[in-house]
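Here's the structure we're looking at; comments come further down.
The values are calculated or read from the model by the stated rules, or taken from the named source; none is laboratory data. Quick caveat, the model's predicted, so the values are computed rather than measured. Here Cβ is always computed from backbone atoms with ideal geometry, including for glycine, and neighbour counts include all displayed protein chains. Areas reflect the complete protein model, heavy atoms only, side chains present, ligands, DNA and RNA absent. Shrake-Rupley method; radii C 1.70, N 1.55, O 1.52, S 1.80 Å.
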Amino acid sequence: MLTGTATYVDDIKMPNMLYAAMVRSPHAAANIRSVDISKAAAHPGVMAVYTGVDIKDVGAIVCGVELPGMRKPHHTVIATDRVYLVGHIVAVVVAKDRYVAADAADLVEVDYDVLDAVGGPEQALAEGAPAVHPQWADNIAFKFEQKGGDTDAAFASADVICKQRMISQRMVANPMETRGCVASWHAADRALTIYTSTQIPHLARTILAGMLGLDENRLRLIAPEVGGGFGCKLNVYPEEAIVSFAAMKLGVPVKWIETRRENFLSTIQGRGHVDYWEIAAKRDGTIVGVKVKIIQDLGAYFQLLTPAIPTLSVLMMPGLYNARNIHAEIVGVFTNCVPTDAVRGAGRPEATYGIERMVDVLAAELKMDPAEIRFKNFVAADQFPFATATGLNYDSGDYANTFTKALDTIGYKKLREEQATARKQGRLVGIGISTYGEICAMGPSPAVAAGGWESATVKVEPSGKVTILTGISPHGQGEETTFAQIAGDELGVPIDDVLVLHGDTSIVQYGIGTFGSRGTAVGGTAVYLALQDIKEKVIRWGSMLLDSNDVRFEGGMCIDNASGKSVSIQTIAAAAYRAMKIPTHSEPGLVATRFWEPGNFTYPFGAHIIHSEIDPKTGQVEIKRYVMVDDIGNILNPMIVDGQLHGGASWGLGQALWEHAIYDDAGQLVTGEFMDYAMARARMMPWIESSHTCTPSPVNPLGVKGVGEAGTIGSTPAMVNSVVDALAPLGVTHVDMPLTPEKLWRIISASQPEAN
Amino acid sequence: MTQTISVTINGKPYTHDVEPRLLLIHYLREVVGLTGSHIGCETSLCGACTVEVDGRAIKSCTMFAVQANGASILTVEGLADASGKMHRVQEGFWNEHGLQCGFCTPGMLMVSKQILDRNPSPTETEIREGLDGNLCRCTGYQHIVKAVQAAAKAGV
């Protein structure tokens, strides 16, 4: 990666390889009268043009989620008679190079009968709204309800009830590498090889084999280097099936690389909530109940996990608090937009934002310090494992301790005093707190759409070098390093002797993949367990070689406890493969495979505090300090962990301040390029002061919890709470994200006309 | 209809007939076969395609190959010296964990070199301003800033 020699999908070149370009609908809703491919097909250099009719035998897009009473659209990989979103594929052109393919795609003539579209979730529910799917006039895909405790009684007994409507706007995952794939068909073997930029190689293989009608074991799926995923590559998309279909038809390899514009239009997006929160409390700040009604923008059809994401929000809605009475309702609605699905945090950011904002709203109502009200309601350290009102079982934690560390780090008391002084000078200074929790290490198999276990094979080769095959598929999370560390520690071998392989279904045993902050906590545990099996065998062989019944294994050596004689793991490995003599109850070779099923999720948590100031003349937010204290259980590689947290924070700040996938009423994505869709750049990010507390997870033997999403989840409410706190002297109690300078300037100008 | 161009890339001369509309990034990646520089947006907003043309960092997705005729180009593949020893910006990214998925990294390395070529001891703010044309979705930039700081330190 540092020398430019890493291989991503677009770096793959094969003999006779052709390029595909998708023809996409410019309309969010339209009936297709006709598709005329004649000019495109006649264009020099074009090998084939396929429409929905040609590809009708390829199976529809797979959604792995079932909810009671749910309406599931049948979404074919190429539209035939109607398009449901801008970017919906209506044809594919295959040509000798990408320039010609793009030229010819423009020559496909589609006659559309344009229909009224639905550009947002509340529009979908409005009286007289057009139907996204004509067979479901109310645009409702499902309703879901979850209750815990007795919310009616709790609200009846409360001294104060606060209500707030909040929006978690759609955001675009935008990995720096867009999607893309290369498919190659070997007719004689009825075998297909697909290189694709994915987080889930094995699941994608199973799904694509089903869509294409191939034997699963004859489909080799390879995720080469993957340039970021963030959930959007936890999916199988139409293009992977279309490119495979074309390669099988034409008998030559076919490549398709998504443009950034296509990525904005046709790769899943995240969030898309309109939420109505209510929190009930006693006068002393004790929270007695929480209600939320979630209107989830599902988009036009379902990708792999689309309907499940808001149910994760419900699970997380009590946050870190002793809220025993909860009531959640979800209305999942269709819109003429690209589907929402799992994007970094997936449901938990929305819930955490909601509960953390509501706690601040409640504190303001009660005129309590937002820190004090949090201490008052935390689940206490001696309450773990803690059964929540939403049916979870929090594994371990000491929330007050972590929060105290964050408050001490930023100097909270003094900062409040400085804020009071600044306010007297008319300055808009805010201190925002988020004490977040999350659900990680997905997860127990019954709770995950396609299974939540993970696999690992550890092979000690005859030379003593160690090869690890992991079922996860890291693409920036650094498990190639972390797993080598685990093996190095367990086997006493140099880290450089360990090679971690992943992402090739013909090399690696079946696995689930990388998502839901599960790589190390679930995949790493499988590696750890396989290493224990290896150690057991090493001791067996070492005992034979040392002719002793009393040996120990440490530092890469089997040592006879009586004589002190030793034999190295390298010597043992050579003996195990040479097999001149085999220990009783053993066999040659030094390989172990384990599949590990976690008994629970893990529950990282932390406290993020942001000190900010708003320039009243521009509405620009300046982050003066950002302190995060995160408890993710044991930490195996501090540098990688901090990298995950910093990156996560850039997402959470992005949601709070800058990012917004805006669809207009016609279902057109207005922010469809990097020019219009603002993401964190180096100059926009503050220096993050990151530190940790540690309550090891009892769920896995490594004691780790997961860190990939923590920064994203913790940061957003801290930022918004900071800005709302800054605006509190103006009477502001809530502002919807993103907190753009224009939005804040308008609020400030309306209340302080003299400032401008 | 093609035009003949001659360029020097990482010290080696190349001559090719290319279409006038061929972008420099596609020329480097698909004609010359140097796939280290990446395409993240095709609109010069992400910087993954950053290379040096005659000593200046440019985004090769918005330059035609024919515009580079006669130029000397440096790509990420040419950053290390002839013996394979990594450039100090590569060392900095290695030591400070300045990359995660690695996709933006070639562009980040090229722009980091440019930052230090123009200003051997930049402040944190100057580094952030210098990196501002390059997007990274993984790191939150902090370790990239540290990597450039480490590279600056290694240069004095």
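General observations
- Near A:R24, the amide H atoms lying under 5 Å from its own belong to A:V90; only residues 5 or more places off or on other chains count, and H is placed 1.01 Å from N.
- Region A:353-414 shape via C-alpha gyration tensor axes, a/c threshold 1.5: oblate
- Potential lengthening of the chain between A:E742 and A:Q383 amounts to 124.7 nm, from the contour at 0.36 nm per residue minus the alpha-carbon distance.
- Cα centroids of region B:94-131 and region A:393-410: 35 Å apart.
- Local net charge near A:F605, Cβ-Cβ under 11 Å (Lys/Arg +1, Asp/Glu -1): -4
- Model label sites at B:T2 and A:A666, defined 7 Å from Cα along the beta-carbon direction, differ in position by 4.2 nm.
- Working note: 222 nm ellipticity from helices only, DSSP H runs with n ≥ 4, each -39,500 (n - 2.57), summed and divided by the residues of the protein assembly as shown, gives -8500 deg cm²/dmol to the nearest 500.
- Surrounding net charge for A:Q135, when Lys and Arg each add one and Asp and Glu each subtract one, Cβ distance under 12 Å: +2
- Total charge dipole magnitude, region B:88-155, about the Cα centre, Cβ charges on Lys, Arg, Asp, Glu only, Debye to nearest 20: 100
- Accessible area of chain B divided out per residue, in Å², using a probe of 1.4 angstrom: 39
- Inter-part distance where region A:108-151 and region A:183-205 are each reduced to a Cα centre, Å: 35
- Accessible carbon and sulfur surface of region A:454-596 relative to its total accessible area, %, 1.4 Å: 50
- In percent, rounded to a whole number, the relative contact order of region B:88-155 is 56, using alpha-carbon pairs under 8 Å and six or more apart.
- Projected area averaged over orientations for region B:3-78, convex hull of C-alpha atoms, nm²: 4.2
- Hydrophobic, long helices, defined as DSSP H runs whose alpha-carbon span along the helix axis is 30 Å or greater and whose mean Kyte-Doolittle value is at least 0.0, occur in chain A at A:525-546.
- Relative contact order (percent, whole number), region B:1-131, Cα cutoff 8 Å, 6+ residue spacing: 25
- For region A:136-186, the Kirkwood hydrodynamic radius from C-alpha pairs, put into Stokes-Einstein at 37 °C and a viscosity of 0.692 mPa s, yields a diffusion coefficient of 185 µm² per second.
- Percent of Cα pairs in the protein assembly as shown per distance bin of 20 Å, from zero to the largest separation: 14, 45, 34, 7, 0.
- Accessible-area rank, largest first, for B:C49, A:C694: A:C694, B:C49, with all protein chains present and a 1.4 angstrom probe.
- Chain A - percent relative contact order, Cα under 8 Å, separation 6 or more: 14
- Dipole magnitude for region A:508-598: about 160 debye, using +1 per Lys or Arg Cβ and -1 per Asp or Glu Cβ, origin at the Cα centre.
- The tail of the calculated P(r) for region A:512-653 beyond 24 Å holds 56 percent of all Cα-Cα pairs.
- Per the Debye formula on identical point scatterers at the alpha carbon atoms of region A:289-376, with no solvent, log10 I(q)/I(0) at q = 0.12, 0.15, 0.16, 0.18 Å⁻¹ is -0.42, -0.61, -0.67, -0.79.
- Chain-alone versus full-assembly comparison, region B:36-66, residues with accessible loss of at least 10 Å² (1.4 Å probe): B:G36, B:H38, B:I39, B:G40, B:C41, B:E42, B:T43, B:L45, B:C46
- Accessible surface buried once B binds A (1.4 Å probe; total of both sides; Å²): 4400
- Exceedance of the 22 Å cut-off in Cα-Cα distance is limited, within the set A:K233/A:K255; A:K465/A:K537; A:K291/A:K705, to A:K291/A:K705.
- Computed on the Cα trace of region A:454-596, the radius of gyration divided by the Kirkwood hydrodynamic radius gives Rg/Rh = 1.01.
- Net charge, A:C337 excluded, C-beta distance under 11 Å - Lys, Arg +1, Asp, Glu -1: -1
- Surface share of carbon and sulfur [accessible, 1.4 angstrom probe, percent] for region B:88-155: 47
- Amide H partners (placed H, <5 Å) of A:G606, local residues excluded: A:Y436, A:D631
- Stretch gain in nm, segment A:D369-A:K293, where the contour uses 0.36 nm per residue and the Cα spacing is subtracted: 24.7 nm
- The label point for A:R578 and the one for A:E480, both projected 7 Å from the Cα toward the Cβ, are 3.4 nm apart.
- Surface composition of region A:304-432: carbon and sulfur make up 52 percent of the accessible area, probe 1.4 Å.
- Contour minus Cα-Cα distance for A:D533 and A:E66 (0.36 nm per residue): 164.4 nm
- Cα gyration tensor shape of region A:613-688, rounded if a/c is under 1.5, else prolate or oblate by comparing a/b with b/c: oblate
- In Å, descending, principal axis extents of the Cα set of region A:705-756: 51, 19, 14
- Burial annotation for region B:124-156: residues with an accessible-area loss of at least 30 Å² between the isolated chain and the complete set of protein chains, computed on heavy atoms with a 1.4 Å probe, are B:R128, B:D132, B:L135, B:R137, B:C138, B:G140, B:Y141, B:Q142, B:H143.
- Packing-based ranking, highest mean first, of A:295-302, B:60-67 given that Cβ atoms within 10 Å are counted: A:295-302, B:60-67
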